[in-house]
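The values are calculated or read from the model by the stated rules, or taken from the named source; none is laboratory data. Note that the structure is a prediction, hence the values are computed from the model and not measured. Cβ placement follows ideal geometry from the backbone for every residue including glycine, while neighbour counts extend to all protein chains displayed.
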Amino acid sequence: MKRRKNIAVIILAAGLGTRMKSDKAKVLHELLGKPMILYVTETATCIAGNNVIAVTGHQADKVRKIVSEKYDIQFAYQEKQLGTGHAVMCGLPYLHEYVEKVVILCGDVPLLKSKTVEQLVNTHESEKNDVTLLAVEVDAPTGYGRIIVNDDGTVLKIVEEADATSREKKIKIVNSGIYCVEKEYLKEALNKIKFNNVQNELYLTDIIEIGNLDRKKVGLLVGSDADEVIGINSCEDLSAAEMIMK
């Protein structure tokens with residue numbers, strides 16, 4: 001993809017990852033000898049050049065040092081872990097004025113290819129969407145946010161596992177946590193997110209429902225390879241991702 005000036009990427013990289021059973025920042029855990037944040041940063045820079053902001057939290061200095069040795073990007077700091085929506089808010093002040101679209105990536109999803117992100121951006125632009133999310137279909141959707149789609153294919157909302165009804169839990173199209181959003185809409189929507197969920201966090205996923213209420217155009221790209229969006233939450237996930245990479 002030709003790097004475009006009007007696109008920025010925000011990488012969410014603040015989590016500790018308690019299920020990794022280690023006090024190391026989650027994104028510093030290594031895949032084939034390389035911290036997973038470096039795989040994500042490489043994908044981000046393929047899309048947006050150095051127009052990339054990593055939102056750090058746990059061991060921010062270490063994350064910054066490791067990434068800066070290889071990439072010239074910016075860093076935002078999320079002092080308190082108040083959810084993905086709050087993390088993106090922390091990155092907003094670093095966006096240049098000329099940026100029109102923001103791609104949001106997760107620091108713990110290292111297998112994502114830049115080709116897939118490019119496809120997401122192209123879908124977003126060709127459909128003239130305000131927000132486009134990347135989804136995948138999985139046979140065992142446990143743990144993922146389910147995507148609730150209207151009869152006409154419009155995305156209504158994303159329901160997190162903890163808040164899903166038994167019927168919603170049967171849905172196999174799940175959220176990857178990866179989005180392309182118009183910058184102005186993103187700012188608008190983040191201001192409307194509330195702490196009204198089981199975790200008492202600001203969920204980025206709420207921008208979908210807010211978009212529908214505000215009559216915005218919400219699009220969906222269902223990726224062809226579910227392995228690409230595996231999130232690394234445990235040592236088992238790490239081993240599985242290494243197997244796929246090999």
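Considering segment 4-23 alone, what residues qualify as being assigned to a loop (DSSP other than H, G, I, E, B) and more than 13 Å from G231 (Cβ to Cβ)? Break it down stepwise before answering.
Of segment 4-23, the ones assigned to a loop (DSSP other than H, G, I, E, B) are 4-6, 14-17, 21-23.
Across segment 4-23, the qualifying residues are R4, K5, N6, A14, L16, K21, S22, D23.
The residues of segment 1-41 that are farther than 23 Å from V131 by Cα and among the charged types (D, E, K, R), listed by number, are R19, K21, D23, K24, K26, E30, K34. A single member of L186, L156, L221, L204 is farther than 14 Å from L134 by Cβ and either hydroxyl-bearing (S, T, Y) or modelled with pLDDT of 90 or more (or both), and it is L186.
Against the condition out of contact with any Asp or Glu (no Cβ under 9 Å at 6 or more places or on another chain), part of a loop (DSSP other than H, G, I, E, B), surrounded by fewer than 21 Cβ atoms within 10 Å (Cβ to Cβ) and touching a residue at least 24 places away in the same chain (Cβ under 8 Å), how does E209 come out, does it pass? Before you say what the answer is, go through the steps one by one.
Values: out of contact with any Asp or Glu (no Cβ under 9 Å at 6 or more places or on another chain): yes; part of a loop (DSSP other than H, G, I, E, B): no; surrounded by fewer than 21 Cβ atoms within 10 Å (Cβ to Cβ): yes; touching a residue at least 24 places away in the same chain (Cβ under 8 Å): yes.
When the stated conditions are applied, E209 does not pass them.
Output the number of residues of segment 35-51 satisfying the condition of being over 16 Å from G231 (Cα atoms) and either buried (at least 24 other Cβ atoms within 10 Å of the Cβ) or of a type outside the set (V, I, T) (or both). Walk me through how you get there before you give the answer.
Residues of segment 35-51 that are over 16 Å from G231 (Cα atoms), as a first pass: 42, 44-51.
Narrowing the set further to residues that are either buried (at least 24 other Cβ atoms within 10 Å of the Cβ) or of a type outside the set (V, I, T) (or both) leaves 42, 44, 46, 48-51.
Final tally of qualifying residues: 7.
Look at segment 165-177: where a residue is more than 14 Å from V155 (Cα to Cα), no partner that is surrounded by fewer than 13 Cβ atoms within 10 Å (Cβ to Cβ) and modelled with pLDDT of 95 or more sits 6+ places away or on another chain with Cβ atoms under 8 Å.
In segment 225-246, the residue that is farthest from E182 (Cα to Cα) out of those that are in contact with a helix residue (DSSP H, G or I) (Cβ under 8 Å, 6 or more places away or on another chain) and not in a helix (DSSP H, G or I) is S234.
Name the one entry in G177, G153 that is in contact with a strand residue (DSSP E or B) (Cβ under 8 Å, 6 or more places away or on another chain) and assigned to a loop (DSSP other than H, G, I, E, B). Break it down stepwise before answering.
Numbers: G177 fails: assigned to a loop (DSSP other than H, G, I, E, B).
On inspection, the qualifying residue turns out to be G153.
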